[in-house]
Amino acid sequence: MIRTGTRYRLLAIFVLPALLVYAGFSVYPLLSSVALSFFDSDNGASTFTGFGNYVYLFTDPYVSERFWNALRNSVEFFAIHLVVELPIGLLMAALLTSNSIRKSRGVYRTLLFIPATLSVVIVGFLWRLIINPLWGLVGFPLLGDATTALPTISLMSVWQYIGIPMIFLFTALIAIPDDILEASRIDGARAWATFWQIKFPLILPQFGLIAILTYIWTFNGFDIVYALNGSAPGPNYSTDILGTMFYRTFFGSSGQVADTDLGATIASVVFFIILVTTAAYFVVLQRRLKTYEL
Amino acid sequence: MRSKLAPLAALTVAALGLTLAGCSTGGDAGDSGDVTTITFGNWRVEDQALWEENVIPAFEAAHPDIKVTYQPTGTDDYNAAIQSQIESGTGPDVIMCRPFDVNRAWIDDGYFDDLTSLEGIDGFTDTALAAWQGNDGNPYCVPIASVLAGFYYNKAIFKELGLEIPTTMAEFTDVLQAIKDDGKYTPLALGSADGWQLSYNVLDSIGPNYWQGEDGRLGLIDGTKKLTDPEFVDAFQAVSDLKSFMPDGYQALTYEDQMQLFTLGKAAIMPDGSWDVTAATASGLDVGVFAPPVVKDGDQRYLQEMPDQGVGLNADSKNKDAAKTLLSWLASSDFQSIYVDKVPGFFSMGSEPVTYTNALAQEFADLKTDALLTPRLQLDRLSAGTPPLDDNTWAVLQTVFNDGVSATDATSKLQTDLDSWYTPAG
């Protein structure tokens, strides 16, 4: 029997390498980015301004309009993922576990997962060609209309990442022991009832988890919008999300000086929004979901 | 859960990486023997081979005691990269300068040395130097290259339909209408998915003929003119009128799409910058270029000449003598003739004549004859605050094309936004 003191020392030694890497490359940059947001380095020298950058971000008429616009768009981007990607992912996962395709299950699973392995640049390029009014399938300028542009981009992203909730829920579904399902069959439950009354409640914690992961991914989203529309995503900023606004502010553009402090401020606000929502979700919802010992 | 915040942290790490990248390349100031190595920071990633194979060897042959390292950063990250490198004391010795407001901010922050006494700087006119002057009126960067904008046209289509090159806006509309009536080709290869090109290649190309080039541009800067004045509203109206000649679904067509449409020979005319002379002729089409038409017959013609690249001296450089030698050489016609020859579509800003071997580039250069030159409207002083007139024009022009906003509403929105922060320098 190892004494408690030694045990903790051993534990520390095992944890230390990962902790150092995590602290050095994840925690430190995050904290220094938050710290940066409290400074103003406009005229060469960096001066402490407290919440000056935050006040500016939320009160300047032009900058705050851009920020609220980006936040609204991020919410819409997330909402479309939530109502389209998760249900379809669930449906695909349920179909994959069905016995009628047992032999070709691997093929379907691979096919459905392939888009998630593609680069966003390729996905954006492919879809841009498919919906191109000149040589594509759709005559309507989907990406050129302020009302359809963001839903279009969101659906491209859904198309690409549909495989992730699918695989996630699929693995949860196949982990359900056969004897439970057999018991329900003996009790006379049909497929529909089995799914909604036996399987779904059992995978609900995983479903909640993938929903909150989708939230984090979409609020940190940037690449698909940037690949399609650049860092000032039009038309008229209708596809501007928090990630692209951060990028534009932090890195500047050919005609705009890079404002690293304001960029860090936006990054900190995004971090805070995600942190609070995620924490609230875990405290309020995830804990109440029943988990069953199988 | 915490690790799910990694994407956010990664962005911060990227910023840190930029600083580290600066350390590794900017810090090698030490002499090795008698050879001084200087670094040249710039955003022309695509010109790396040209510089390393043609330009730098020519310089090093003339100055065997100096070696030059070409150190490019992608144009989107360039401003942030240079700013973080200089602020941490690891900037390159010579730095490529953005034109106008970004550079003026950098000069105010003490990034550059004054180049008034640099050998060769007097070979440039004040107009050529204007884009890189500080508030004190002194030059801070050696002008390297400018770009022009005009209308590319497909000579075969013009011949087939019996069209002449238009010189007035009325003739221009007639030509576009004739191509549209014929129905075989798209009159104008232009899409509005990319806001910047509506501004740089259309408004700033046609517009100077309406607002009389520098008169209008400097008028906005000193406050004697407003964007709501008739000459500006008319220019926006002329741009808006092009809508009926653009391809179907133009709202979602990108800059790349329109180039494809043109090079496939499906469109007759394409407004674009001179930097695309190689791309526009890549498919072997017989392409010509004409100047933005004047408003009425007999009007003075104006042409956009946009200063694009200058090179300045890092105030913290440890190799200033070697760096100045390079800058003087960049100011000489030795360099200019190598450069404009190897990068067709970019034009020398020196006073000495330079010939262009690329026929289309020469045709572009010929447009300057008899024209008064003017840079893009939005970039000098009017983009130094928030919202910058530059970015704002991109977005507002998109609403003109995609949402049917009128020229009057567009110009009054731009003027209102400008008034919210800009105090005329008059």
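What follows is calculated from the coordinates using simple rules that are stated; it is not laboratory data. For clarity, every value in this text was computed on a predicted model and none was experimentally measured. Glycine gets a Cβ as well: all are built from the backbone with ideal geometry, and neighbour counts include every protein chain shown.
Data overview
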read-out	value
Peptides B:285-292, A:222-229 ordered by average Cβ neighbours within 10 Å, highest first	A:222-229, B:285-292
Amide H contacts of B:A145 (H built 1.01 Å from N, under 5 Å, at least 5 apart or other chain)	B:D308, B:Q309
Helix-only mean residue ellipticity at 222 nm for chain B, each DSSP H run of n ≥ 4 adding -39500 (n - 2.57), per residue, nearest 500	-11500 deg cm²/dmol
Whole-angstrom gap from segment A:19-48 to segment B:345-414, using each part's C-alpha centre	38
Relative contact order (%) - criterion: Cα under 8 Å, at least six apart; region: chain B	23
Mean separation of Cα contacts under 8 Å (6+ apart) over length of segment A:186-294, as relative contact order %	25
Radius 10 Å from Cβ of A:L96, net charge of other residues (Lys, Arg +1; Asp, Glu -1)	+3
Only Lys, Arg (+1) and Asp, Glu (-1) charged, at Cβ; the protein assembly as shown dipole about Cα centre in debye	4580
Cβ-derived FRET efficiency at R0 35 Å, A:Q197 paired with A:E76, nearest 0.05	0.55
Cα long-axis angle, helix A:120-130 against chain A (0 to 90 degrees, to the nearest 10)	80
Reach of B:K180 by Cα under 16 Å, taken over lysines that are not fewer than 8 positions away in the same chain	B:K159, B:K243, B:K266
Expected 222 nm ellipticity per residue - DSSP helices of 4 or more, -39500 (n - 2.57), all of chain A, to 500	-20500 deg cm²/dmol
Taking all pairs of distinct alpha-carbon atoms in segment A:4-48, Kirkwood radius in angstrom	13.0
Fewest-first sequence of A:D259, A:D187, B:D182 by Cβ atoms within 10 Å of each Cβ	A:D187, B:D182, A:D259
Dipole of chain B [Lys/Arg +1, Asp/Glu -1 at C-beta], most positive-end residue of B:V343, B:S406, B:A291	B:S406
